[in-house]
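See structure below.
The values are calculated or read from the model by the stated rules, or taken from the named source; none is laboratory data. Model, not experiment: these values are computed from the prediction. Backbone-built Cβ (ideal geometry, glycine too); neighbour counts: all protein chains shown. Quick note on the areas: whole protein, heavy atoms, side chains included, nothing else; ligands and nucleic acids left out. Shrake-Rupley method; radii C 1.70, N 1.55, O 1.52, S 1.80 Å.
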Amino acid sequence: MNIQGRPTSSVSVDMNPHQTFNGNRALQLEEPLIFETGRLDVTGVDIEAPATVVSRLGAFERKGSLGLPGLTEPEAMRHYVRLSQKNYSIDAGLYPLGSCTMKHNPRFNEAMARLPGFSDVHPLQPQSTVQGAIALIAQLSDWLLELTGMQAAAMSPKAGAHGEMCGMMAIRAALEARGEAASRKVVLVPDSAHGTNPATAAAIGFSVRAVPARSDGTVSVEAVKEALGPDVAAIMLTNPNTCGLFEPQIVEIAAAVHEAGAYFYCDGANFNAIVGKVRPGDLGVDAMHINLHKTFSTPHGGGGPGSGPVVLSERLAPFAPLPFVLKKDDGALALVEHDSEAEGAQPFGRMSAFHGQMGMFVRAYAYMLSHGGDGLKQASEDAVLNANYVRVGLRDLMSQPFGDKPCMHEALFDDEWLKGTGVTTLDFAKAMIDEGYHPMTMYFPLVVHGAMLIEPTESESRAALDLFIATLRDLAMAAKAGKVDRFTGAPFHAPRSRLDETRAARAPVLRWSAPEPVARG
Amino acid sequence: MRYHPLTGADRADMIARVGVSDIDALFADVPQDKLLRAPLALPDGVSELQAGRILGRLAARNLTASQAPFFLGAGAYKHHVPASVDHLIQRSEFLTSYTPYQPEISQGTLQYLFEFQTQVAALTGMDVANASMYDGSTATAEAVLMAHRVTRRRKAVISGGLHPHYADVVRTMSHMAHDAVDDLPADVEAREDIISRIDGETSCVIVQSPDVFGNLRDLRPIAEACHANGALLIAVFTEAVSLGLVTPPGEMGADIVVGEGQSIGNGLNFGGPYVGLFATRQKYLRQMPGRLCGETVDGEGRRGFVLTLSTREQHIRREKATSNICTNSGLCALAFSIHMTLLGERGLRRLAEVNHANAALLAERLSRIANVAVLNETFFNEFTIRVKGDAVKIVEELAKRGVLAGVPVARLTPGTELDDLILIASTEINTDEDREALARGLDAFINGAQ
């Protein structure tokens, strides 16, 4: 999670007195676009000549050029290796993006996902030829249900936001079955929610009613009761919430929601704090998505692919979408892909073309197998301990918006402590880049001014945390001492200095196009 | 546990430093009667060696596409992907980075997204493309929502040639959003009159080409009819390699082009992860869903890239966003882009020609079998056959004999009396022996031939 799009001005700074001839700076290598180095008549893939046949393309053969250049393999390797060297990564360093759970991604999981038995099978093969793949989905689903205390899992959603959509569709379907879909059109969403929550609700025709947070960063049962009514379909609540706090009144909130005839959707983005500690099903949750790419360590890949299975309570289980796994009497596993095979269930429809993110399922399964029940619980405890360790290490210098109290797996600070320094949250974040860290989530949650949300995860050693804390302390003291030059215009050591986002949005250039030929004089 | 750096001593020290009595004190806000005391009903953790054995056994229970003559398509295709693609996408800096929120240290991801957007726009013949969607089916549903925003109408007309699962996804979304859908019956031989279904309430028409039965469709008259009625044409493809050889949908008047990018750079993976492609006209840019990467400059005037136009997106606009999409298919888009870069337009055309030739050879061979008919007039690398008998049973039986024959249409749309149809795809992976194995298998099962 993060906020982009705010105006940022690019500051012209002469930070490199030692200019090089070609713009490279030792290991920081400038790399043109493939369209500037590739050639239309070059290919990096040798392909045998096609057999001679009578064309069956009819009148649809392409005549013109696509304008897509190729690179030979050595050129392509160099291009992408150079690009990769301009990226920060969890393998390279601490990546404390709050609400994103950037934990270690075991390479074993990558190897398992690439076993041909998983990577080289087609989603529509006869089911008798893919029983191992279906068994893995069924087992993963069972484990997710055990961890969450829920009744059924919808495995096909492809990311967290897609899972939210799935959960809200199940709620809509349940309301339809009750004959109340037309009268219950409002979804309650706290101010502190991820932007995906209101966007999801609105996309399927719900209107959003905001629920204010208390001054301690949590939602009160009174505020929920105030907002509840016969027009309310559901509440979408994140727990632990985006302020890094477990909602203390969650059981009472769930009871109030149910009493009012509505459903409780829980945003599970922060599940990493509580795995093995408390089960959402025991708290009264009706639907929750699980980001396998957060809690269960499937790599985020620079923006996906993710995977967002949804677990459902008994009340919503009958409405789980197609496809789902059914155990037959003879022990064989069947993927139910159509209403006609659903055996009494009332699936609300279909979320995507096939069965979900199998590659992610294998990785998450490998992760859970490796951890075991105890290991998963330990991961959550360590994640929470690490976050509190960072919080305590910084609390005398940085301000906590809701007072000095324990957090869950992420520590939240605001910018109160930066007042009068001339340094903003953005500046502070960019200065972290120069120190070799990816910044924390900034300006989110929106309910906190200049928010800085730090999630170290369980993957960090104590020594790594100590150095991180010491670095942030040094930066904080520099800001307070008025050393603004360290912040304004930062980063100074990254492959690029601060980028002009305003310019990018004002006249968008979203693809390469050939430069206009220059007229000769 | 090999992934947890904290030692018992670390934990004890850190708990003391934090100033609490024990770890559960940090969970004080959890209702204490809900705190789990009993262990989870999950197996104990195991070593990498042991976990590998368990997963290896599961994997071994699946028949892979490389173990049998393989002819499945219907939205997912087996192609050869150069080894360098997988090597590159597993580089730590690509694999283990987040969405590029901090552009100064994410130029690698941002530049490849910019290149990806350019490639997708060029392939589809459109002005602009986004940084990817989950897959082709969800991209199609998003395209319908976008058309509704652009036209301020709420009825989609769905061709009977659209992949039935894609149509299901659109129907589900439309039902939930209270939008109307006019879907035509399955159209095996591309004979439907979709133009007559367009009226003043139509927001968009969704047409797939090559369609799910393999037919190539002329989008031009449909585009004209759409535009004459103020509607948009959404063109869909599920086999991106086809664009190496067929006229791009953008050239035929499509307003939004969406498709599945799996077949370039990405494996079958039992259905996911894949990569949805999404392209449109410049004038509709601000109604587009998804992430967009744009060019800009840094403080020293050097070219750089950032995520842009985020005022369309959920984290800024919340309930007024164009889509709720957040995480998409970054790494699959990278695999697509690397493979596309290696191919270039020259390699892509050659690859497409081999696919087409292999499919043509196969169609010719199969059409010589009694009680088997190839139904297509046109196709790229996939076509439909009509067989005597139950297609599901035939495909199941051939699988037992070690041939993965194709996708029975009834697998996609049961109960539509299309029980005797099989979709057959052939790519560059197929050999003469493969073709012969399929032909003999079909002949043996249908006609009892030896």
| Nitroxide proxy distance, nm - points 7 Å out along Cα→Cβ at residue A:471 and residue A:107 | 2.3
| Using unit Cβ charges (K, R positive; D, E negative) and no other charged atoms, how large, in debye to the nearest 20, is the dipole of the stretch A:373-493 about its Cα centre? | 340
| task | Can you find, among B:70, B:28, B:45, the residue farthest towards the positive end of the dipole of the stretch B:1-123? Put +1 on the C-beta of Lys and Arg, -1 on that of Asp and Glu. | result | B:70
| field | Student exercise, the stretch A:109-365 dipole from Lys, Arg, Asp, Glu Cβ charges, in Debye to nearest 20 | value | 440
| remark: For the stretch B:30-46 the residues that are at least 30 Å² less accessible with all protein chains than alone, 1.4 Å probe, are B:30, B:31, B:34, B:36, B:40, B:41, B:42, B:43, B:45
| said: If you count only protein heavy atoms and use a 1.4 Å probe, how large is the accessible surface of residue B:132, to the nearest 10 Å²? | reply: 0
| said: Tell me the Kirkwood radius of the protein assembly as shown: reciprocal of the mean inverse pair distance over distinct alpha-carbon atoms, in Å. | reply: 28.5
| request: Report, in whole Å, the centroid distance computed from the Cα atoms of the stretch B:386-449 and the stretch A:134-204. | output: 38
| note | Rounded to the nearest 100 Å², the accessible area hidden between A and B, summed over both chains at a 1.4 Å probe radius, is 18000
| said: Which of rounded, prolate or oblate describes the stretch B:1-44 when judged by the alpha-carbon gyration tensor and an a/c cut-off of 1.5? | reply: oblate
| said: For the stretch A:425-521, compute the orientation-averaged projected area of the C-alpha convex hull (one quarter of its surface), in nm². | reply: 10.8
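By the scheme Lys and Arg +1, Asp and Glu -1, what is the net charge of all other residues having a beta-carbon under 12 Å from that of residue A:249? Intermediate values should be presented prior to the final figure.
Values: positive: A:214, A:225; negative: A:216, A:222, A:247, A:252, B:29.
Neighbourhood net charge equals -3.
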| said: In the stretch B:3-116, if the dipole is taken from +1 on Lys/Arg beta carbons and -1 on Asp/Glu beta carbons about the Cα centre, which of B:58, B:92, B:19 is farthest to the positive end? | reply: B:58
| request: Using DSSP, restrict attention to beta bridges with both residues in chain B and report what percent are antiparallel, rounded to the nearest 5. | output: 55
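Please identify every one of the trypsin sites (Lys or Arg not before Pro) in the stretch B:126-164 that sits in a loop by DSSP and has no more than 12 other beta carbons within 10 Å of its own beta carbon. Could you put the intermediate results ahead of the total?
Values: sites: B:149, B:152, B:153, B:154, B:155; in loops: B:152, B:153, B:154.
Qualifying residues, ordered by number: B:152.
Percent relative contact order of chain B, based on C-alpha pairs within less than 8 angstrom and at least six residues apart? Write down the numbers at each step before the final one.
Details: 820 pairs, mean separation 88.1, N = 450.
With pairs under 8 Å counted, the relative contact order is 20 percent.
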| field | Scattering curve values for chain A, log₁₀ I(q)/I(0), Debye with Cα scatterers, q = 0.09, 0.11 Å⁻¹ | value | -0.77, -1.09
| field | Coordinate range along principal axes, alpha carbons of the stretch B:345-447, Å, largest first | value | 42, 28, 22
| request: Evaluate the charge dipole of the stretch A:278-387 about its Cα centre and quote only its size in Debye, nearest 20, assuming +1 on the Cβ of each Lys and Arg and -1 on the Cβ of each Asp and Glu. | output: 340
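Heavy atoms only, probe 1.4 angstrom, no DNA, RNA or ligands counted: give me A:443, B:274 ranked by accessible area, highest first.
Values: A:443 50, B:274 0 Å².
So the residues, ranked largest to smallest area, are A:443, B:274.
Per Stokes-Einstein, at 10 °C and 1.306 mPa s, what whole-number D in µm² s⁻¹ belongs to the stretch A:109-365, with the Kirkwood radius over Cα pairs as the hydrodynamic radius?
Details: Rh = 18.5 Å.
It comes out at roughly 86 µm²/s.
Can you flag which of A:327/B:400; A:103/A:430; B:283/B:320; A:430/B:320; A:377/B:34; A:86/A:430 are past 18 Å Cα-Cα? Walk me through the numbers on the way to the answer.
Working: A:327/B:400 22 Å; A:103/A:430 22 Å; B:283/B:320 20 Å; A:430/B:320 30 Å; A:377/B:34 15 Å; A:86/A:430 16 Å.
From A:327/B:400; A:103/A:430; B:283/B:320; A:430/B:320; A:377/B:34; A:86/A:430, over 18 Å: A:327/B:400; A:103/A:430; B:283/B:320; A:430/B:320.
I'm checking a number: the convex hull volume of the Cα atoms of the stretch B:72-158, normalised per residue, in Å³. What is it?
Values: hull volume 13.7 nm³, N = 87.
Cα convex hull per residue, to the nearest whole number: 157 Å³.
Just the number, please: percent antiparallel of the DSSP beta bridges in the stretch A:109-365, rounded to the nearest 5. It would help to have the intermediate numbers written out before the result.
On the way: 10 of 26 bridges.
Expressed as a percentage, antiparallel bridges in the stretch A:109-365 total about 40.
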| On average, how much accessible surface per residue is there in the stretch B:239-388, in Å², for a 1.4 Å probe, leaving out ligands, DNA and RNA? | 23
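Please figure out what share of the DSSP beta bridges in chain A is antiparallel and state it in percent, rounded to the nearest 5.
55
What is the sum of charges, Lys and Arg at +1 and Asp and Glu at -1, for the other residues whose Cβ falls under 9 Å from the Cβ of residue B:137?
Working: positive: A:350; negative: B:135, B:168, B:260.
Residues close to residue B:137 contribute a combined charge of -2.
When a/c is below 1.5 the answer is rounded, else prolate if a/b is larger than b/c, else oblate, so apply that to the stretch B:74-125 with a ≥ b ≥ c taken from the square roots of the Cα gyration tensor eigenvalues.
Values: a/c = 2.41, a/b = 1.33, b/c = 1.81.
Judged from the Cα gyration tensor, the stretch B:74-125 comes out oblate (a/c at least 1.5, b/c at or above a/b).
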| task | Under 13 Å Cα to Cα from residue A:277, which aspartates and glutamates show up? Leave out anything in the same chain fewer than 8 places away. | result | A:146, A:374, A:381, A:382, B:24, B:29, B:33
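Using a 1.4 angstrom probe, figure out how much accessible area chain A has per residue, in square angstrom, rounded to the nearest whole. Walk me through the numbers on the way to the answer.
Values: 17120 Å² over 521 residues.
For chain A, the solvent-accessible area averages 33 Å² per residue.
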| task | Show that you can apply the helix-only estimate: for the protein assembly as shown, add -39,500 (n - 2.57) for every DSSP H stretch of four or more residues, divide by all residues, and state [θ] at 222 nm to the nearest 500. | result | -10500 deg cm²/dmol
| message | Inside 10 Å of the C-beta atoms of A:362-369, what's the mean count of C-beta atoms belonging to other chains? | response | 4
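Chain B: percent of C-alpha pairs farther apart than 27 Å? Could you put the intermediate results ahead of the total?
On the way: 60286 of 101025 pairs.
The answer is 60 percent, as a whole percent.
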| said: Roughly how far apart, in whole Å, are the Cα centres of the stretch B:215-262 and the stretch B:1-73? | reply: 46
| task | Rank these residues by their accessible area, most exposed first, probe 1.4 Å: B:432, A:330. | result | A:330, B:432
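Peptides A:29-37, A:143-151, B:340-348: what's the order by average Cβ count within 10 Å, highest mean first? Write out the running numbers ahead of the final one.
Working: A:29-37: 17.0, A:143-151: 21.1, B:340-348: 25.2.
Ranked from most to least packed, the peptides come out as B:340-348, A:143-151, A:29-37.
Could you work out what % of the accessible surface of the stretch B:145-186 is carbon and sulfur, using a 1.4 angstrom probe and leaving DNA, RNA and ligands out of the count?
Values: 700 of 1410 Å².
C and S atoms contribute 50 percent here.
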| query | How well do other chains shield peptide A:428-437, expressed as the mean number of their Cβ atoms within 10 Å of each residue Cβ? | reply | 1
| query | Across the stretch B:1-110, how large is the tail of the calculated P(r) beyond 16 Å, expressed as a percent of all Cα pairs? | reply | 82
| Under a 1.4 angstrom probe, counting protein chains only, how are B:339, A:449 ranked by accessible area, largest first? | A:449, B:339
